[in-house]
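The values are calculated or read from the model by the stated rules, or taken from the named source; none is laboratory data. This is a predicted model, so every value here is computed, not measured. Cβ placement follows ideal geometry from the backbone for every residue including glycine, while neighbour counts extend to all protein chains displayed. For the accessible areas, the whole protein counts, side chains as well, though only heavy atoms, and no ligand, DNA or RNA atoms are used. Shrake-Rupley method; radii C 1.70, N 1.55, O 1.52, S 1.80 Å.
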Amino acid sequence: SGLGKAILAFSDEAKVAPVLAAPMPALTSATITSPAMLLRELDTIRTHGIAYDRGEGSAGIVCVAAPVLDYEGHAVAAISITGPRQRLRVDRFEAAVRTTALGIGRSLNTAILNSPRRPGH
C-alpha cells in the first residue's frame, strides 16, 4: 500500500529486513513482488517524500501517501488519499498530502520536544 511504503521507506533496517525477506505474492498485475524492486521504490520515496499505490493491492485503486516523521526522521504514521483510478488523479494531490503530513509531523514533534517526558531526558 502507499501508506505501508511511506512508513517503510522511513523506518530503520530492523523493520525493513523482515518485509524484504517475506514472500511478496502478487495481488494484482501491478504488485511489487521482488525485494530489489521494493528497495528501488523505497529509495524513490525517500528522495521525493511521497509514495504511490498504482493498483498494487487492488486493481483500479490508486493512492498517494506521505510519511509523518518524528524529530529523528523516522515514520510514526502516514497520511494518504485513495480512490478509483478513473476518478482520482494522484498527481493533483501530491502537494496537499505532503504538506499535511509535514504539518502533522511538526505538531507532533513540537509536542514531544516540549514534553518534560521527552525521550532522552
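Cβ-Cβ distances below 6 Å connect the following pairs, each with a first residue in region 1-28 that is touching a residue at least 40 places away in the same chain (Cβ under 8 Å), a second residue that is basic (Lys, Arg), and a separation of six or more residues or different chains: 9/46. Contact map, region 52-77: residues that are farther than 27 Å from residue 28 by Cα and in contact (Cβ under 8 Å) with a residue 24 or more places away in the chain paired with residues that are charged (D, E, K, R) and open to solvent by 40 Å² or more (accessible area, probe 1.4 Å), Cβ distance under 7 Å, separation 6+ or inter-chain. Pairs shown: 74/12.
In region 29-42, the residue that is nearest to residue 18 (Cα to Cα) out of those that are among the small types (Gly, Ala, Ser) and in a loop (DSSP other than H, G, I, E, B) is 34.
The single condition from (1) in contact with a Ser or Thr (Cβ under 8 Å, 6 or more places away or on another chain); (2) open to solvent by less than 70 Å² (accessible area, probe 1.4 Å) that residue 35 fails is (1).
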